[in-house]
């Protein structure tokens, strides 16, 4: 699950054209934490998933949806 969240987070962040530093500013989670999350080394809580989703401008469900069900990300809707 943590790898899935990390992959989805990285995919959405890149699709929205955001750097880890920009998400750090929006979410309050450090760039180091976000980097570890993207590599699947962090096990985020539901609260963290919700906060990160808000920082990305997506639903928290988008961070936990299986890879084969993930839809395209709208970069115009940060």
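Nothing in this text is a laboratory measurement; each read-out follows from the coordinates by a stated rule. Keep in mind the model is a prediction, meaning the values are calculated, not measured. Cβ atoms come from the backbone with ideal geometry, glycine included; neighbour counts cover every protein chain shown.
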- line: Sole miss for residue 8 among (1) in a loop (DSSP other than H, G, I, E, B); (2) within 11 Å of residue 56 (Cβ to Cβ) is condition (1)
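Each row is one residue, and each column tells you yes or no for (1) touching a residue at least 40 places away in the same chain (Cβ under 8 Å); (2) within 18 Å of residue 66 (Cβ to Cβ); (3) touching a strand residue (DSSP E or B) at 6+ places or on another chain (Cβ under 8 Å); (4) buried (at least 18 other Cβ atoms within 10 Å of the Cβ).
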| residue | (1), (2), (3), (4) |
| --- | --- |
| 17 | yes, no, no, no |
| 25 | no, no, no, no |
| 34 | no, no, no, yes |
| 37 | no, yes, no, yes |
| 40 | no, yes, no, no |
| 48 | no, no, no, yes |
Subset of region 1-15 (residues that are surrounded by fewer than 15 Cβ atoms within 10 Å (Cβ to Cβ) and within 12 Å of the chain's Cα centre (by Cα)): 2, 3, 14, 15
